[in-house]
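Scroll down for the structure; my scribbles are underneath it.
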Amino acid sequence: MRPVATSNRALQVAGMAVLLAGLLAAPAAGAGEGADYPRENIHDTSVGPDEALVNVSLVNSRWPDCTTLQSVVRDIFRLEGVTEKDGQAKALALWKWFRILVSSTGGGYAYEGPPGKQRIVYGPHKIFAVYGHHQCDGVSWAMAPMWRAAGYMAFDAATHGHTTVALRYRDADGIYRYHAFDPQRRIYWWDDKARRVSTRSMPVMTGMVFRHVLAPQRLHSLRTSLRMGETVERSWQNTGHIVPSATKAPYVKNRYYDYEPGKTRGIYAAVGQEVQTFAPAADGETLARQLYEGSANAACSPVGGKTLYHPARANRPGVFVFRMAPPYVVADMRFSATLHKAAAADVCRLYFSRDGGPWQMILDKKAPGAEDVKIELGREARKRGAPDVYTAYSVLLKAEFSTAGKPTDVGMSAPRVVAHRMLNKRTLPNLMGGKNYFRVSAERLAPGWALKLTVDYRLNDKPRTVERVIGKFPHYFRIDAAGAKLRKIRNWNYDQDFGNEAVRMVGYRMQLVPAGGAKLSESLPPAQAEPHFAASAPHPADMTHRRVAKKTETDPAQTSGFFPQSRKRLTDKKRMDELVRQLNNNADRSYKAWAAAQELGSYPGSVDWLCNRLDKANIDLTLFIVKALAQIGDPKATEPLLKKWQRGPAGAPGTRYIPDALAVCGKGDARVVEALVKPLRQVRFDYRFHIAHALGELGGPLAEKTLKELAEKDPFPAVREEAAAALRRLQARSK
């Protein structure tokens, strides 16, 4: 485990720009209902000109579809058979499957990007489906957004040394609360008396912060499309093609990452690999459909018993652009070809672009003649300091040729690209004992082509293969594993050994083949197969591992997530002065400053000190000062709170709670409602959530009008629900 101080510094320093920039997100165009408000979980659904099979997926009825956060949460609830109204059952279902799908035994911050520009991976779906392993903060960054993808509020709850997850839902008594889960330590807190999941501290956010919403608006997904000439093979074994946790070096010498054949410990309890192979076609018509945007004057011809890819016309550049598409992260990539030029003046150059970045030249052939090239573009290139696509997702490769002579004087033959990408094998369609129904779906298939799907698995240690040639979607088939029961692993801890069951997947391969002359496989009837994708099939693992909470709720305000959490009033001036000194003599990120600010909420006489420190407090200390000011409820705090709010608002998590304090301190101040409403169409959903709550307390015509609109149009369900509840409170008071 990393030193906790290092973990926290990385989070606060490296992530700060991302956090602040993410707050004032631009409204999403074309978002449909609620497009006036920034929308979350936006996925790229664009279709490139090179895609012959668009958005193909393979899903097992007995395993969650992990394409997006929404699809995995929807399937988890379905598989566990939980009802819409039972919040705790849904949370425990997510808890169970998250522990099955993600390893929490190690790893650390993943970094992606070109040399010198690496950035921490905050994207929850990447952490979940690509990397599949992390320390406490990373797994929390993945689990909390899953709950939000189901329409609920959730945050990572962080101290300086450890991060957990806080999920908000309605309990059996009809009250909304936050509840604490620790995915790294594999425990959750439990209120034994109330028989419900409890919180890590009481009240919530005591000595910790519901830190940030780290997820970008535009999220990664497993959307996969195939090109003609491309083969994608996904394997449950990884042969060392990994992206370890590192900043500068592409490989960390560590037993956790060291590869051994058949290894299922360390990172290999989570990661598998994808091998993506692409070769251009030998005929011009197919080649034209393989090329990506930016290609021009491109042709292919038989020359000397080989297919030569060359300019269609002389004296004009012939440009071939090919795309190696996501969804997984590149660990290694190799380009090989034979390059040809007849004269020194001929142009023969190779380039690449990573994730939409600028073109980088990787070869400029000078000498005439033929030359075989094998160019490493992944980890090995990064190690040597050469241009690389290590940690990229979408990679464009460009070959440029031109000549004043015959067009076939310059070009390339036998081009081939092989990429090794890392993936989380637990999020692939794993097998369960009994009947497993598979659905192969796609949006569109080019006429004249079919998908050849080969699935390799083992049953009772014997190899099995299923091959399907599919010309129409959706297509259904079944794998039977009667009597194959899962092992009883201690506490069902798959982090040490995943997938070595009596029935287990080995890999599957997808490639396009000409449909003419191919014998298409017959699909199971949809009426027979589809009901299994709507039925429950609970995983037999029991992930109950509770820690009985020492302090339990005495007032729902302690766990609601809104301020104030207490109305306690004290007059001990000596203690107040001690706390003021403690607040002023400690750095903003110090626990002592946090604790002092929170305790000062019981001392109304401290309001001036708190307001003075609020002005320059950092994003975390701001939260505890705002908590104290909300508890005191003095109107003199309104001006300093408005001043801090009007700077952006910016600075989550602290400023997220300013609306709560203004709802108490600013009642009757006409400026307050206007100040809260003004940024609504620019701020993130968690701010809109707290603004809605505050408007229900403040009231007035503008508050009522705004709540009606939020309740109808906000794209985030939790905001709509809170706005509707706030509107009901407001209207009840006016009767």
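The values are calculated or read from the model by the stated rules, or taken from the named source; none is laboratory data. The shown structure was predicted, so the numbers you read here are calculated from the model rather than taken from an experiment. Cβ: placed from backbone, ideal geometry, glycine included. Neighbour counts: every protein chain shown.
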Would it be correct to say that LEU431 is touching a Lys or Arg at 6+ places or on another chain (Cβ under 8 Å) and either free of Cβ contacts under 8 Å to residues at least 12 places away in the same chain or within 30 Å of ALA381 (Cβ to Cβ) (or both)? no
Residue that is nearest to the chain's Cα centre (by Cα), among those in region 578-604 that are over 16 Å from PRO640 (Cβ atoms) and of a type in the set (Gly, Ala, Ser): SER590
Please return the ranges of strands (runs of 3 or more DSSP E) entirely within region 233-352 where 2 or more residues are without any contact (Cβ under 8 Å) to a residue 60 or more places away in the chain and surrounded by 16 or more Cβ atoms within 10 Å (Cβ to Cβ). 298-303
Identity of the residue in region 504-560, under 29 Å from the mean Cα position of the chain (by Cα) and polar (S, T, N, Q), that ends up surrounded by the fewest Cβ atoms within 10 Å (Cβ to Cβ): SER536
Consider ARG656 against the criteria (1) basic (Lys, Arg); (2) closer than 14 Å to GLY561 by Cβ; (3) surrounded by fewer than 24 Cβ atoms within 10 Å (Cβ to Cβ): it satisfies all of them except one. Which criterion is unmet? (3)
Note on region 146-203: residues crowded, with 24+ Cβ neighbours inside 10 Å, of a type outside the set (Lys, Arg) and farther than 24 Å from SER103 by Cβ are MET153, TYR178, SER198, THR199
Going through (1) assigned to a loop (DSSP other than H, G, I, E, B); (2) at pLDDT 90 or above; (3) more than 18 Å from SER140 (Cα to Cα); (4) of a type in the set (A, V, I, L, M, F, W, C) one by one, MET205 fails only at (3)
Any pair with Cβ under 6 angstrom, 6 or more apart, that starts in region 62-79 at a residue that is within 16 Å of PRO145 (Cα to Cα) and ends at one that is aromatic (Phe, Trp, Tyr): ILE76/TRP97
Would you confirm whether any residue within region 148-157 is assigned to a helix (DSSP H, G or I) and touching a strand residue (DSSP E or B) at 6+ places or on another chain (Cβ under 8 Å)? yes
So LYS374, is it at pLDDT 95 or above, in contact with a Ser or Thr (Cβ under 6 Å, 6 or more places away or on another chain) and surrounded by fewer than 22 Cβ atoms within 10 Å (Cβ to Cβ): yes
Need a quick list: helices (runs of 4 or more DSSP H) entirely within region 1-99 having at least 2 residues that are at pLDDT below 95. 4-9, 16-23
Would you check if there is a residue in region 186-198 being closer than 23 Å to TYR591 by Cβ and assigned to a loop (DSSP other than H, G, I, E, B)? yes
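Just wondering, is there one or more residues in region 122-137 that are outside any loop (DSSP other than H, G, I, E, B), more than 13 Å from the chain's Cα centre (by Cα), among the hydrophobic types (A, V, I, L, M, F, W, C) and closer than 26 Å to THR264 by Cα?
yes
Pick out the one residue from GLY696, GLY668 that is over 32 Å from the mean Cα position of the chain (by Cα), modelled with pLDDT under 95 and closer than 30 Å to SER606 by Cβ.
The match here is GLY668.
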Can you name the residue in region 472-517 that is out of contact with any Phe, Trp or Tyr (no Cβ under 7 Å at 6 or more places or on another chain) and among the hydroxyl-bearing types (Ser, Thr, Tyr) and, of all such residues, is farthest from PRO280 (Cα to Cα)? TYR494
Can you tell me which condition THR105 does not meet? The list is (1) in contact with an Asp or Glu (Cβ under 8 Å, 6 or more places away or on another chain); (2) surrounded by 24 or more Cβ atoms within 10 Å (Cβ to Cβ); (3) over 19 Å from ALA331 (Cβ atoms), and all the others hold. (2)
Out of all the residues in region 401-420, is one or more part of a strand (DSSP E or B) and over 29 Å from GLU285 (Cβ atoms)? yes
Checking the condition touching an Asp or Glu at 6+ places or on another chain (Cβ under 8 Å) and either in contact (Cβ under 8 Å) with a residue 60 or more places away in the chain or within 25 Å of LEU730 (Cα to Cα) (or both), which residue from ALA650, ALA663 passes? ALA663
Hey, LYS616 hits all of (1) surrounded by fewer than 24 Cβ atoms within 10 Å (Cβ to Cβ); (2) closer than 13 Å to GLY651 by Cβ; (3) touching a helix residue (DSSP H, G or I) at 6+ places or on another chain (Cβ under 8 Å) but one; which does it fall short on? (3)
Only one of (1) modelled with pLDDT under 95; (2) within 29 Å of THR239 (Cα to Cα); (3) not acidic (Asp, Glu) is not met by THR465, so which one is it? (1)
LYS705 under 20 Å from LYS627 (Cβ atoms), free of Cβ contacts under 8 Å to residues at least 60 places away in the same chain and not aliphatic (A, V, I, L, M): no
Looking at ALA652, ALA630, ALA724 in this structure, which one is farther than 30 Å from ASN584 by Cβ and in the same structural domain as ASN612 (by TED's automatic domain parsing)? ALA724
